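The values are calculated or read from the model by the stated rules, or taken from the named source; none is laboratory data. Just so it is clear, the model here is predicted, and its values are computed rather than measured. As a convention, Cβ positions derive from the backbone with ideal geometry for all residues, glycine included, and neighbour counts pool all protein chains shown. Areas reflect the complete protein model, heavy atoms only, side chains present, ligands, DNA and RNA absent. Shrake-Rupley method; radii C 1.70, N 1.55, O 1.52, S 1.80 Å.
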Amino acid sequence: MQSSVKFGTFLRGIAFGAAALLGASVQAQGSGSTVITAARYIDVLIGKTVDYPAIFVGADGRITGIADARTVRWGADVKHIDLGDRTLLPGLIDMHVHLDGPADIGGYNGLEFTDSFWGMTAVKNARDMLDAGFTTVRNVGSDNRNDIGLKQAIEAGYAVGPRIVPAGYALGATGGHCDSTYFPPSFEKPDAKLEGIGDTPDELRYQVRRQRKYGAEVIKVCATGGVFSRNTEPGQLQVPENELKAIADEAHQWGLRVAAHAHGTSGIKAAIAAGIDTIEHVSLLDDEGIRMALARKQPVWFAMDIYNTEYTQAEGAKNGVLEDNLRKDREIAQIQRDNFRKAVKAGVPMVFASDAGVMPHGQVGGQFRVMVEYGMTPLQAIQAATKVAAEALDREKDVGVIAVGRYADIIAVDGDPLANVRELESVDAVVKGGVLVKGGG
């Protein structure tokens, strides 16, 4: 009886596989518009390589089927993108970028430029990130809502870049990291708060509503002081737990997730307790913070930028970064990296977050090396920038995996990134929504 059941299951498996392959073939000969082939692709859900993929893409840019390229056929009307003897991966996701922040302009050097200059630089920075293999980015704060405008320009075809999840203005406390802290009071309007600034739960609830009203798809709050602000220290708690909770509750009511800039120990724990979704930087993490993250019923992800200090310390002074900012970066850099290792070992969910803008946007792939150096396997580092990031974005139906129904956002590298993650420092081809935007066969 048991053998009969196993044999029946075996036959059903054959029938299912044949039907799936036939379905892909029929789609390819019918309305499907594109097929992408290569030597192999990495299935980031199971952590294994699949040989000879033929990935079919519909007119809407989403994957309609995946088959074995050695056996499937497609019609002459189907566009073929042949990426040769390469390895395919899902398009990468960076969860912490500033597209309107050129890395080579620091400190007061920015006063040489007019207000609209920064939005113009975002166009090139977005293209650099796309060419680096990042087909989706989360922009966590920009002046003048440059991230929202750029997202609209890319979607309307006026610019080329990744899918952008914008925050608009970051929220924060008066005099805190997300406020303007570089100028005397004569530079400000009397008794006027800058956009995004609030000092009570109600004021910050209003700011959540205001950012959403004008196009924000994620809310960013600066819970602690920071490295690149003036008159703040990374360890300072600046937005207390009750205000963070008001922000999280309001954002979640509107269906938005929340990212909290939190270097300091108290800010990290306050953000976790308040229900914030992703904790950014997480530099001065302690063991209790790790326990809180693991114990929380609602998922929480850490977004730790552990690569950019190399650029800051090498080039920052030349770019105009003030010595006080360089000091803060030096003081926390190694602590943050060591705490990254501790969090990975403990099993805290981690997403790829570069803080691009602190370093050049085209160089962010270099962080994979450091993530592996500080405790991740190459697969874990890749998953942090694909499937795990998609979960943290709440975009699991759209990006992060090469799978039917998701966008055909795909990158290709010559080697095997599961063996050498540094392959991701130089991406050879990029496909966004089934369209080849970099490289070729």
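Restricting the calculation to alpha carbons of the range 237-276 gives Rg and Dmax of 9.5, 29 angstrom.
The chain gives an Rg/Rh value of 1.01, both radii derived from C-alpha positions and Rh following Kirkwood. As an equivalent ellipsoid, the range 92-171 spans semi-axes of 20, 13, 13 angstrom, where each value is the square root of five times an eigenvalue of the C-alpha gyration tensor, largest first. If R0 is 25 Å, the Cβ-Cβ spacing of residue 51 and residue 404 corresponds to a FRET efficiency of close to 0.85.
Rounded to whole numbers, the Karplus 3J(HN,Hα) couplings from phi for the range 54-62 are 10, 9, 8, 10, x, 5, 8, x, 9 Hz, using 6.51 cos²θ - 1.76 cosθ + 1.60 with θ = phi - 60°, and x at Gly and Pro.
The string of couplings for the range 85-101 from the Karplus curve (6.51, -1.76, 1.60, θ = phi - 60°) is 8, 10, 9, 9, 9, x, x, 6, 10, 10, 8, 8, 9, 10, 5, 9, x Hz, one whole number per residue in order, with x for Gly and Pro. Going by accessible surface with a 1.4 Å probe and the largest first, 43, 394 read 394, 43. Taking the DSSP bridge list for the chain and keeping only pairs wholly inside it, about 45 percent are antiparallel. Once backbone amide H atoms are built at 1.01 Å from N, residue 437 has 430, 431, 432 as its partners under 5 Å, excluding neighbours fewer than 5 places away on the same chain. Under 16 Å from a label point set 7 Å out along the Cα-to-Cβ vector of residue 310, the amide N atoms of the range 401-432 belong to 420-427. Fully extending the segment from residue 373 to residue 156 would add 74.1 nm, taking 0.36 nm per residue of separation and subtracting the current Cα-Cα distance. Take every pair of alpha-carbon atoms less than 8 Å apart whose residues are at least six positions apart; their mean separation over the length of the range 198-348 yields a relative contact order of 20 percent. For residue 95, the residues 5 or more places off, or on other chains, whose built amide H falls under 5 Å of its own are 138, 352, 353, 354.
The phi torsions of the range 155-160, fed into the Karplus equation with coefficients 6.51, -1.76 and 1.60 and a -60° offset, translate into couplings of 5, 8, x, 8, 8, 10 Hz, rounded to whole numbers, with Gly and Pro shown as x. Of the chymotrypsin sites (Phe, Trp or Tyr not before Pro) found in the range 203-271, the ones in coil according to DSSP and having at most 16 other Cβ atoms within 10 Å of their Cβ are 214, 254.
Beta-bridge orientation, the range 157-284: approximately 10 percent antiparallel, per DSSP, counting only bridges with both partners inside. Potential lengthening of the chain between residue 286 and residue 394 amounts to 36.1 nm, from the contour at 0.36 nm per residue minus the alpha-carbon distance. Mean sequence separation of contacting Cα pairs (under 8 Å, at least six apart), scaled by the length of the chain, corresponds to a relative contact order of 19 percent.
Each label point was placed 7 Å from the Cα along the Cα-to-Cβ direction; for residue 437 and residue 192 their separation is 3.6 nm.
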